[in-house]
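Worksheet for the structure shown next.
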Amino acid sequence: MGQHVSRADFEWSYTAEPHASRRKEILKKHPEVKQLFGHDVRLKWWVASLVTFQLASLFLVREMSWPLALFLAYCIGGTINHSLMLAIHEISHNLAFGHSRPLANRVLGIVANFPIILPFSVSFKGYHLEHHKFQGDEKLDTDIPTETEARLFCTTLGKMVWMFLQPLFYAFRPLVTYPKTPTTLEVINTVVQMILNIFIYYYFGAQCLLYLLGGSLLAMGIHPVAGHFISEHYMFQQGYETYSYYGPLNYLTFNVGYHNEHHDFPFIPGSRLPQVKALAPEYYDDLPQHDSWVKVIYHFITDPSIGPYARIKRKHAGLIKQE
């Protein structure tokens with residue numbers, strides 16, 4: 001089973017999350033950052049290209065052996081699907097068409113969802129924006145593992161299993177800890193995705209459907225690009241709750257590695273986040289950062305001081321009132 005984690009509880013904070021105050025400081029000192037606000041006109045073309053590539057690849061995948069298809073699902077298909085997930089992350093902030101065209105953003109998100117197979121684009125927006133607004137909130141921030149997860153997956157082997165199962169926890173954790181009534185757009189997202197899935201199964205076969213689905217699940221588990229799930233907010237250094245990564249995998253993930261910059265300015269597209277760091281280096285250069293997502297995964301699994309408990313949490317205001 002390996003070493004047991006040394007933490008027995010989350011790190012509780014009784015101060016506000018750091019991003020709102022840092023945003024105010026940076027805008028006061030560097031008002032030119034405002035010039036980076038707005039949407040990225042290239043995002044829709046990136047989404048269209050990636051979706052087209054994935055669907056066109058099915059003509060080749062259906063002729064492959066199962067072992068080859070599985071290998072390519074991990075190396076290529078899964079990596080592209082993970083990129084599309086992070087395009088959906090960008091779209092959730094209305095960064096494809098701007099805040100004046102919310103429906104256009106939602107439609108593009110549904111299209112970006114096509115090769116991922118599991119419908120999540122519309123529902124992701126609601127939960128993710130609350131992760132930004134209420135970072136660390138024990139109820140509203142569903143990015144944080146549950147107490148049950150932290151207790152069950154508390155050894156080296158347990159953390160490895162948790163990493164493999166991470167896609168399922170991300171999908172079902174909000175339904176358990178903070179369920180919401182499905183919206184009309186969520187229903188449309190699900191129906192459209194199911195129709196496409198049936199189409200793929202009927203015309204291309206089960207192997208192609210599993211190629212796309214398997215790639216999505218594999219690339220959210222123990223996979224280099226999935227390192228960002230751990231690197232972003234797990235407390236690798238005492239007292240710090242958000243970490244950036246400035247390495248080459250940002251080219252595949254819409255610069256999600258610039259995570260301090262993203263939380264400071266969620267209305268700036270990923271393509272311009274490096275400019276935020278360049279304009280205000282004094283606010284970012286000295287913050288703890290990661291230089292490898294692969295090392296992040298390795299240290300998360302093997303280091304007994306890191307695990308699902310290594311997250312900063314805050315009491316939910318409504319729960320405080322009840323105590």
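The values are calculated or read from the model by the stated rules, or taken from the named source; none is laboratory data. Keep in mind that what you see is a predicted model, and the values were worked out from it rather than measured. Cβ placement follows ideal geometry from the backbone for every residue including glycine, while neighbour counts extend to all protein chains displayed. Ligands, DNA and RNA are stripped out before the accessible areas are found, and what is left, the full protein with its side chains, is counted by its heavy atoms. Shrake-Rupley method; radii C 1.70, N 1.55, O 1.52, S 1.80 Å.
All alpha carbon pair distances within region 41-140 were sorted into 10 Å bins beginning at 0; the resulting P(r) in whole percents reads 15, 41, 28, 13, 3.
The trypsin sites (Lys or Arg not before Pro) of region 1-42 that meet both conditions, a loop assignment by DSSP and at most 13 other Cβ atoms within 10 Å of the site Cβ, are ARG42. Dipole of the chain computed with +1 at Lys/Arg Cβ and -1 at Asp/Glu Cβ about the Cα centre; of GLN237, VAL122, VAL107, farthest Cα towards the positive end is VAL107.
Per the Kirkwood formula applied to alpha carbons, the chain shows a radius of gyration over Rh ratio, Rg over Rh, of 0.96.
Using the Cα centre of region 140-278 as the reference point, and only Cβ charges (+1 on K/R, -1 on D/E), how large is the resulting charge dipole? Debye, rounded to the nearest 20.
240 debye
Among 289-302, 219-232, sorting by the average number of other beta carbon atoms lying within 10 angstrom of each residue, highest first, gives 219-232, 289-302. For region 215-257, the equivalent ellipsoid derived from the alpha-carbon gyration tensor has semi-axes of 20, 13, 7 Å in decreasing order.
How much area per residue is accessible in region 209-253 when the probe is 1.4 Å and only protein heavy atoms are counted (Å²)?
Details: 1500 Å² over 45 residues.
With the other protein chains kept in place, region 209-253 gives 33 Å² per residue.
Anisotropy class assigned to region 99-178 is oblate, per the alpha carbon gyration tensor with a/c at or over the 1.5 cut-off and a/b no larger than b/c.
Kindly report the accessible area of region 263-323 per residue (heavy atoms of protein chains, probe 1.4 Å, no ligands, DNA or RNA), in Å².
Working: 2770 Å² over 61 residues.
I get 45 Å² per residue for this part.
By the gyration tensor of its Cα atoms, with a ≥ b ≥ c the square roots of the eigenvalues, what is the shape of region 31-99: rounded for a/c under 1.5, prolate for a/b over b/c, or oblate? Prolate. Divide the volume of the convex hull around the Cα atoms of region 170-268 by the residue count and you get 168 Å³ per residue. Here the dipole of the chain is about 600 debye; that uses its Cα centre as origin and unit charges on the Cβ of Lys and Arg (positive) and Asp and Glu (negative). Cross-link partners of LYS133 among lysines, defined as those whose alpha carbon lies under 18 angstrom from its own and excluding same-chain residues fewer than eight positions apart: LYS24, LYS125, LYS180, LYS313, LYS315.
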